[in-house]
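First comes the structure, then the notes that go with it.
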Amino acid sequence: VNTNFGKGNVPPWFNEGLAEYYSTFAIEDDQKAKLGLPLERHLNMLNQNKLIPLSTLFRISGSQLHETADHSRSIFYSESWALIHYLIANGKADALNKFLTALFQGTAPDAAFQQAFQIPYSQLESELRRYVQQNSYRYSAITFKQKLVFDTEMSVAPLSEAESNAYLGDLLYHTNRW
């Protein structure tokens, strides 16, 4: 996401929520793929804690996120995942796209939200809370016509400390985290 939109432009709630959403990608029997499976640790976290108000969630910066305590950060990740999951599973991806586009164009979060979703924060917060409390979650499942073929000739070799540091430095440089 950072590569496509620029690291400073992507709201942390979207970046982390989408990453958590895609973390559930699973392949079964080399022919079936599932995406959007529920994450029990996030559901448990949200059912045991109060949701962060959306007006606050949408304003948390990357630096603020890294400065928060572990518990608060865990709620942030859980709620970001739940919000992305809810919006995708309930056909609200177009509104999400409008919201993000407005944010990328510099529109303030409150105005961008209202333009895109045309409901108050409180309504989406209520919908999200009900969604988190349910016992069944939609996910995408795809069955391919042919089995997926994977490279079975992959080899593993230990790296020296210098090689490991060189790869880490390259990764940090290319992700603007140096």
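Relative to the Cα centre, the charge distribution of the range 47-178, modelled as +1 at Lys and Arg Cβ and -1 at Asp and Glu Cβ, gives a dipole magnitude of about 680 debye.
What number, rounded to the nearest 500 deg cm²/dmol, is the helix-based mean residue ellipticity at 222 nm of the chain, given -39500 (n - 2.57) per DSSP H run of at least four residues and division by all its residues?
-17000 deg cm²/dmol
Which order do you get for Glu163, Glu20, Glu40 if you rank them by accessible area with a 1.4 Å probe, largest at the top?
On the way: Glu163 90, Glu20 35, Glu40 110 Å².
So the residues, ranked largest to smallest area, are Glu40, Glu163, Glu20.
Under a Gaussian network description of the chain, with springs only between Cα atoms under 10 Å, the residue in Gln134, Gln123, Gln146 that fluctuates furthest is Gln146.
Largest GNM mean-square fluctuation across Leu18, Leu46, Leu65, computed for the chain with C-alpha springs under 10 Å, falls on Leu65. Dipole magnitude for the range 24-93: about 300 debye, using +1 per Lys or Arg Cβ and -1 per Asp or Glu Cβ, origin at the Cα centre.
Rounded to the nearest 0.05, the FRET efficiency derived from the C-beta distance between Thr56 and Ile142 at R0 = 35 Å is 0.45.
Note on Lys145: lysines with a C-alpha under 22 Å away, same-chain residues under 8 apart excluded, are Lys32, Lys34. Treating r as the C-beta distance of Asn135 and Asp30 and R0 as 30 Å, the FRET efficiency rounds to 0.50.
Using the Cβ of Leu54 as centre and a radius below 10 Å, the other residues enclosed give a net charge of -2, where K and R count +1 and D and E count -1. Measuring nothing but how far apart in sequence close Cα pairs (under 8 Å, 6+ apart) lie, relative to its length, the chain scores a relative contact order of 29 percent. Near Ser78, once Lys and Arg are set to +1 and Asp and Glu to -1 for all other residues with Cβ below 11 Å from its Cβ, the sum equals -2. The range 99-155 and the range 68-86 have Cα centres lying 13 Å from one another.
Mind checking the full-extension length gain between Asn47 and Leu168? Use 0.36 nm per residue of separation minus the Cα-Cα distance, one decimal, nm.
Taking Asn47 through Leu168 to full extension adds about 39.8 nm, to one decimal.
Accessible surface computed residue by residue for the chain, with neighbouring protein chains in place and a 1.4 Å probe, gives 65 Å² per residue. Can you find, among Phe76, Phe117, Phe25, the residue farthest towards the positive end of the dipole of the chain? Put +1 on the C-beta of Lys and Arg, -1 on that of Asp and Glu. Result: Phe117, furthest along the dipole toward the positive end.
The values are calculated or read from the model by the stated rules, or taken from the named source; none is laboratory data. Worth saying up front: this structure is predicted, and the values here are computed from it rather than measured. For neighbour counting, all protein chains shown are included, and Cβ atoms are generated from backbone atoms with ideal geometry for every residue, glycine included. Heavy atoms of the whole protein, side chains included, go into the accessibility calculation; ligands, DNA and RNA do not. Shrake-Rupley method; radii C 1.70, N 1.55, O 1.52, S 1.80 Å.
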